[in-house]
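The values are calculated or read from the model by the stated rules, or taken from the named source; none is laboratory data. Just so we're clear, the structure is a prediction, and the values are computed from it rather than from any experiment. Neighbour counts run over all protein chains shown; Cβ positions are idealised from the backbone, glycine included. Note: areas computed on protein heavy atoms with side chains; ligands, DNA, RNA excluded. Shrake-Rupley method; radii C 1.70, N 1.55, O 1.52, S 1.80 Å.
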Amino acid sequence: MFSNLADSLDKTFRNLRGVGKISESNITDALRDIRLALLEADVEFGVAKEFVAHVKEKAVGADVLKSIKPGEQIVKIFHDELAELLGGDQVPLDLTPPARILLCGLNGAGKTTTAGKLANRLKKEGRKPLLVAIDLYRPAAIDQLAVLGKQIGVPVYTPEASETDVVKVAREALAWAETQPHNVIIFDTAGRQEVDERLVEELKRLHQFVQPQETLLVADSATGQQAVSVAKHFDEAVGISGIILTKLDGDARGGAALSMRAVTGKPIKFAGEGEKLDQLFEFHPNRMADRILG
Ligand code: GDP
């Protein structure tokens, strides 16, 4: 992830640092290169344009040309803007009781794996999580969650195979939860290949009933701009509170990570970086900006 972007930016900034005296046209060239690099990384067009405009504004305002190390200063402005684009400060989970977390997303995004990873994280932090499987279309997803729960020692509620009503299942799951020591419940919901009416209606009903503190969209970063438009759809449907980006360990260009916050206004709270259950990390915009700038 980000390797092409990091390479292009490295080249641009090396050029900038290399010139003895920076002129306005050097800056214009660098900004053009940055914009191209962002677009090549699959960053949404409007986001890239606005980002470059911000960097330019800051660079002019900071009187970069008169500074002792203009190249360094531009890199710093770029870094800070990048961290801002990625969301500024890390946004922690809201775990105020009853601490219900609803995970939603498309099939294959990594929802069930992420449910296991999140439960594992919370357990390691000393909490008592429970997992609830509410994907009533794919018995395999229910089995998958049960297996993950066993691996990490977290109880899992699994509905009967004949169940079709998500609210009924959620009600029974909450009754079951009362019999278990817990202080946070993670609900894994059904996905589809694409956002469709039925999925949205079902999710709305479930959301309304569960009243979660956190509604997190699990989005596959490898799907680039599609992930961003999926996030917009889910947000319009149920109002998401944040995003978990998966597969950041892959070789996707990074556009989803970079556009997500700007387009949806919602924070990326965690990043999945592998298939193992301990490979879910808090998303820190600053650290991610460091990583992109190498
Ligand atoms: P769901 O359909 O959304 O529940 O998706 P799954 O949890 O079944 O995950 C789909 C596939 O993506 C599985 O093979 C997971 O192991 C894999 N996966 C999930 N998260 C990550 C991640 O962060 N990195 C990588 N490389 N693979 C992941």
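Taking the stated definitions as given, is LYS76 within 16 Å of the ligand (Cβ to nearest atom) and not aromatic (Phe, Trp, Tyr)? The answer is no for LYS76. Within region 224-265, the residues that satisfy the criterion of being within 16 Å of the ligand (Cβ to nearest atom), open to solvent by 40 Å² or more (accessible area, probe 1.4 Å) and not in a loop (DSSP other than H, G, I, E, B) are GLN226, HIS233. Against the criterion of being at pLDDT 90 or above, under 29 Å from the mean Cα position of the chain (by Cα) and surrounded by 17 or more Cβ atoms within 10 Å (Cβ to Cβ), ALA48 qualifies. In this structure, does LEU122 turn out to be modelled with pLDDT of 95 or more, in contact with a helix residue (DSSP H, G or I) (Cβ under 6 Å, 6 or more places away or on another chain), within 30 Å of GLN226 (Cβ to Cβ) and not polar (S, T, N, Q)? When the stated conditions are applied, LEU122 does not pass them. Taken over region 236-246, the residue count meeting the criterion of being over 27 Å from ALA177 (Cα atoms) and modelled with pLDDT of 95 or more is 2. Under the condition of being open to solvent by 10 Å² or more (accessible area, probe 1.4 Å) and within 10 Å of the ligand (Cβ to nearest atom), the residues counted in region 83-109 number 3.
Restricted to helices (runs of 4 or more DSSP H) entirely inside region 110-210, those with at least 2 residues that are within 16 Å of the ligand (Cβ to nearest atom), within 25 Å of the chain's Cα centre (by Cα) and not aliphatic (A, V, I, L, M) are 111-124, 139-152.
For region 266-282, the set of residues classified as open to solvent by 10 Å² or more (accessible area, probe 1.4 Å) and free of Cβ contacts under 8 Å to residues at least 60 places away in the same chain consists of LYS266, GLU273, GLY274, LYS276, PHE281, listed by residue number.
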